[in-house]
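Read through the structure below, which is laid out as structure tokens, and then see the notes.
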Amino acid sequence: MWILFTLLAAFAQSWRNALQSKLSVDVKASGVTLARFIYAGPIAALYLVALYWWQPTSLISYNPSLARFVVGAALMQILATGLMVRLFQMKNFAIGAGLAKTEALVAAILGVLFFGTSLSPLGWCGVVIGGIAVMLLSSKGGFKQLSLPTLLTGLACGSAFALTSLWVREASLHIDLPFPHRAAWVLLLVISLQTLLLLLYLQWHDKDTLRQLFKRPKLTFAVSCASCIGSIGWFSAMALEAVPLVKTLGQIEVFFTLIIAAYWLKQRPKIQDVAGLILIGVAAVLVMWS
């Protein structure tokens, strides 16, 4: 079941990234980040209500550890989304999304170091191949002209997404409910906190960005819908399986990304870009098999 949830998440996320890429042309990164959450909260609440109607169970109770992981995941995902939007502005959609997918490799490394996950030599081989792929995607003219800002932004984005995923899983493990309810509660809590924080920040510091966002209601709603569907898939999969496995399988998103970039956004990746994206997929498979 975690495989099905992961495939759903990867497909929805590739569309969310494409929609965010379009929105980022006219809206600042903070506004595009808010678009990911602003309408997702009500959708997540409806999903949770539907789960309780389908399978009634108890409600969650306050847990300091749960609160800590929810707050950490919410803040880290805001940072990660902002960095990903910055990647879209530095390069094109496919490359920005590809660099953000270093998340799977970083999650594997952090999982080994701090969360009790183990990797075989085959898995570490995948990590190395993934690093080569990142350099390919970050370079505009080969390794000699490697773009350090793009590389560092991509690694920071992937690291922030990896920490988000690891903390989301830890939060779900602190809820004593059936797995879909655990995932749905974490999703609702994280999205609600993110929406509140970003709305307060923009209302206080950048009202113009809010106005620009609300001038594009259809695109903003589409971003939120795709984001919420993707998050339901990710959070449910991570409630069932370890993050490195979920995120490495989720690398199939890079192929959805290539198709969307080429046929919907009309952004044709270069041979070097395609090679880098394929290497990321190969790295993911190696980590998965390990």
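At a glance:
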{"read-out": "Filter result for Ile175 (of a type in the set (A, V, I, L, M, F, W, C), outside any helix (DSSP H, G or I) and touching a residue at least 12 places away in the same chain (Cβ under 8 Å))", "value": "yes"}
{"read-out": "Matching residues in the stretch 112-123 - criterion: being modelled with pLDDT under 75 and not aliphatic (A, V, I, L, M)", "value": "Phe114, Phe115, Gly116, Thr117, Ser118, Gly123"}
{"read-out": "Residue within the stretch 213-236 that is closer than 22 Å to Ala67 by Cβ, part of a loop (DSSP other than H, G, I, E, B) and either among the aliphatic types (A, V, I, L, M) or open to solvent by 60 Å² or more (accessible area, probe 1.4 Å) (or both) present", "value": "no"}
{"read-out": "Counted residues, the stretch 71-104 - those being at pLDDT 85 or above, of a type in the set (Val, Ile, Thr) and surrounded by 18 or more Cβ atoms within 10 Å (Cβ to Cβ)", "value": "1"}
{"read-out": "Leading residue by the ranking (modelled with the lowest pLDDT) among those in the stretch 248-290 that are charged (D, E, K, R) and open to solvent by less than 30 Å² (accessible area, probe 1.4 Å)", "value": "Asp273"}
{"read-out": "Pair list, Cβ under 9 Å, 6 or more apart: the stretch 193-220 residue on the phi < 0 side of the Ramachandran plot, other residue surrounded by fewer than 14 Cβ atoms within 10 Å (Cβ to Cβ) and of a type in the set (A, V, I, L, M, F, W, C)", "value": "Thr220/Phe214"}
{"read-out": "Residue in the stretch 181-192 that is open to solvent by 70 Å² or more (accessible area, probe 1.4 Å) and either out of contact with any His (no Cβ under 6 Å at 6 or more places or on another chain) or over 23 Å from Phe88 (Cα atoms) (or both) present", "value": "no"}
{"read-out": "Subset of the stretch 143-171 [assigned to a helix (DSSP H, G or I), over 20 Å from Ala10 (Cα atoms) and polar (S, T, N, Q)]", "value": "Gln145, Thr150, Thr153"}
{"read-out": "Number of positions in the stretch 1-12 that are open to solvent by 10 Å² or more (accessible area, probe 1.4 Å) and either polar (S, T, N, Q) or part of a loop (DSSP other than H, G, I, E, B) (or both)", "value": "1"}
{"read-out": "Qualifying residue in the stretch 139-153 (condition: at pLDDT 75 or above and crowded, with 20+ Cβ neighbours inside 10 Å)", "value": "yes"}
{"read-out": "Residue selected from the stretch 201-212 under the condition in a helix (DSSP H, G or I) and open to solvent by less than 50 Å² (accessible area, probe 1.4 Å), by the criterion nearest to Lys22 (Cα to Cα)", "value": "Gln212"}
{"read-out": "Any hit, the stretch 13-27, residues being under 19 Å from Lys218 (Cβ atoms), open to solvent by 80 Å² or more (accessible area, probe 1.4 Å) and not in a helix (DSSP H, G or I)", "value": "yes"}
{"read-out": "Hits in the stretch 38-70 (condition: touching a residue at least 60 places away in the same chain (Cβ under 8 Å), exposed (fewer than 13 other Cβ atoms within 10 Å of the Cβ) and touching a Pro at 6+ places or on another chain (Cβ under 9 Å))", "value": "Gln55, Thr57"}
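The values are calculated or read from the model by the stated rules, or taken from the named source; none is laboratory data. Given the structure is predicted, the values throughout are model-derived calculations rather than measurements. We place every Cβ from the backbone using ideal geometry, glycine too, and count neighbours over all the protein chains shown. Just the protein is used for accessible areas: all its heavy atoms, side chains included, with ligands, DNA and RNA removed. Shrake-Rupley method; radii C 1.70, N 1.55, O 1.52, S 1.80 Å.
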